[in-house]
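The values are calculated or read from the model by the stated rules, or taken from the named source; none is laboratory data. These numbers come from a predicted model, not from an experiment. Positions of Cβ are backbone-derived with ideal geometry, glycine not excepted, and every protein chain shown enters the neighbour counts. Just the protein is used for accessible areas: all its heavy atoms, side chains included, with ligands, DNA and RNA removed. Shrake-Rupley method; radii C 1.70, N 1.55, O 1.52, S 1.80 Å.
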Amino acid sequence: MARRKERLEELAHKLGNARAVALDLSKPGAAAELLADIAAAGEQVELLVNNAGFGLIGRFAELDAPRQRQMIDLNVGTLTELCRAVAPQMIERKSGAILNVASTAAFQPGPKMAVYFATKAFVLSLSEALHEELKPHGIKVSCLCPGPTRTEF
């Protein structure tokens, strides 16, 4: 996924055997919509890379409360929904992999980014738990915790 449809389509073209799906994962029901699109195309998820997310910088009590909730919903809620949506089919096939992208923020508190850091701690904790739960079914679950990275974030 990407924030711009053109970038998705360009990447899909470069990959060859790929299809772009432009969808705002921060919207309610987006995870279900994505999985329905995949099923309608006769596809299945072999590898889920949960990388959608955003962060806010500022004092907790001064940041826009609805925007903080949107961050929680995307960084935690949608990621969890997508893991839950693909796990049963992976268990049935006894194969698959999930890569959840957190951050080094997962390992510490983050003044002026408190909610963002907390969402990343959730991602790490969930990933570690799913790793243990799904390992007996042949499914690999990992969590990537990159440090500062130059992006459009």
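Tabulated data
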read-out	value
Residue under evaluation residue 81, criteria (1) touching a helix residue (DSSP H, G or I) at 6+ places or on another chain (Cβ under 8 Å); (2) more than 11 Å from residue 50 (Cα to Cα); (3) part of a helix (DSSP H, G or I), criterion not met	(2)
Residues of region 120-153 satisfying the condition of being charged (D, E, K, R) and more than 21 Å from residue 96 (Cβ to Cβ)	120, 150, 152
Condition broken by residue 127, with the remaining ones in (1) open to solvent by less than 40 Å² (accessible area, probe 1.4 Å); (2) in contact with a Gly (Cβ under 9 Å, 6 or more places away or on another chain); (3) without any contact (Cβ under 8 Å) to a residue 60 or more places away in the chain; (4) farther than 19 Å from residue 27 by Cβ satisfied	(2)
Members of region 21-48 found to be modelled with pLDDT under 95 and under 11 Å from the mean Cα position of the chain (by Cα), listed by number	25, 26, 31
Residue match in region 93-104 (condition: at pLDDT 95 or above, of a type in the set (Val, Ile, Thr) and in a helix (DSSP H, G or I))	yes
Residues of region 1-36 that turn out to be part of a helix (DSSP H, G or I) and more than 27 Å from residue 119 (Cα to Cα), as a count	8
Residue list for region 52-84, filter: among the hydrophobic types (A, V, I, L, M, F, W, C), surrounded by fewer than 16 Cβ atoms within 10 Å (Cβ to Cβ) and over 16 Å from the mean Cα position of the chain (by Cα)	57, 60, 61, 65
Any pair with Cβ under 7 angstrom, 6 or more apart, that starts in region 9-21 at a residue that is under 22 Å from residue 36 (Cβ atoms) and ends at one that is open to solvent by 100 Å² or more (accessible area, probe 1.4 Å) and in a loop (DSSP other than H, G, I, E, B)	12/19
Tabulated pairs, region 29-48, first open to solvent by less than 60 Å² (accessible area, probe 1.4 Å), second of a type in the set (A, V, I, L, M, F, W, C) and in a loop (DSSP other than H, G, I, E, B), C-beta under 6 angstrom, 6+ apart or interchain	30/23; 34/23; 37/21
Residue that is farthest from the chain's Cα centre (by Cα) [pool: residues in region 132-148 that are more than 17 Å from residue 88 (Cβ to Cβ) and open to solvent by less than 90 Å² (accessible area, probe 1.4 Å)]	147
Residue match in region 59-73 (condition: under 22 Å from residue 20 (Cβ atoms) and either hydrophobic (A, V, I, L, M, F, W, C) or assigned to a helix (DSSP H, G or I) (or both))	no
Residues of region 105-115 satisfying the condition of being open to solvent by 30 Å² or more (accessible area, probe 1.4 Å) and of a type outside the set (D, E, K, R)	107, 108, 109, 111, 113, 114
Candidate set from region 1-20 (those that are aliphatic (A, V, I, L, M) and open to solvent by less than 70 Å² (accessible area, probe 1.4 Å)); member that is modelled with the lowest pLDDT	2
So residue 104, is it of a type in the set (S, T, N, Q) and within 19 Å of residue 24 (Cα to Cα)	no
